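*Asks:* Take a look at the following structure, please.
The values are calculated or read from the model by the stated rules, or taken from the named source; none is laboratory data. Predicted model only: the values in this text are computed from it and were never measured. Using ideal geometry, Cβ is built from the backbone for each residue, glycine included, and neighbour counts are taken over all protein chains shown. Only protein heavy atoms, including side chains, enter the accessible area calculation; ligands, DNA and RNA are left aside. Shrake-Rupley method; radii C 1.70, N 1.55, O 1.52, S 1.80 Å.
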Amino acid sequence: MKDKAAQSVVKSISWRITGTIDTMVISYFITGDFTMAMNCTMFDHYSNNSTNTLTATGL
């Protein structure tokens, strides 16, 4: 059972990293500005974390 839990954690982290990089690259191509791309990426990251937290707590 521990292996499955560890695999799930690694998969979640790797998908979050992939999603963050993807958002940054697409934002950069759309805006042409690295700072704006980072702002979009941070907004996406925090909004996803907020949504996940609210969903997990049942709010």
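*Asks:* In debye, nearest 20: dipole of the chain around its Cα centre with unit charges on the Cβ of K, R (+) and D, E (-)?
*Replies:* Magnitude of the dipole: close to 340 debye.
*Asks:* Among Met42, Ser12, Tyr28, whose Cα lies farthest out toward the positive end of the dipole of the chain, if unit charges sit on the beta carbon of Lys, Arg (+1) and Asp, Glu (-1)?
*Replies:* Most positive-ward Cα: Ser12.
*Asks:* Give a residue-ordered list of calculated ³J(HN,Hα) values for region 33-42 (Karplus: 6.51 cos²θ - 1.76 cosθ + 1.60, θ = phi - 60°; whole Hz; x for Gly, Pro).
*Replies:* With coefficients 6.51, -1.76 and 1.60, one gets 10, 4, 5, 5, 4, 5, 4, 4, 5, 5 Hz.
*Asks:* Report the dimensions of the chain along its three principal axes from the alpha-carbon atoms, largest first, rounded to Å.
*Replies:* Reported extents, whole Å, longest axis first: 46, 28, 12.
*Asks:* Averaged per residue, what accessible surface does the chain expose to a 1.4 Å probe, in Å²?
*Replies:* 84 Å²
*Asks:* Excluding Gly19 itself, what net charge comes from residues whose Cβ is under 15 Å from its Cβ, given Lys and Arg +1 and Asp and Glu -1?
*Replies:* Overall, the nearby charge balance is 0.
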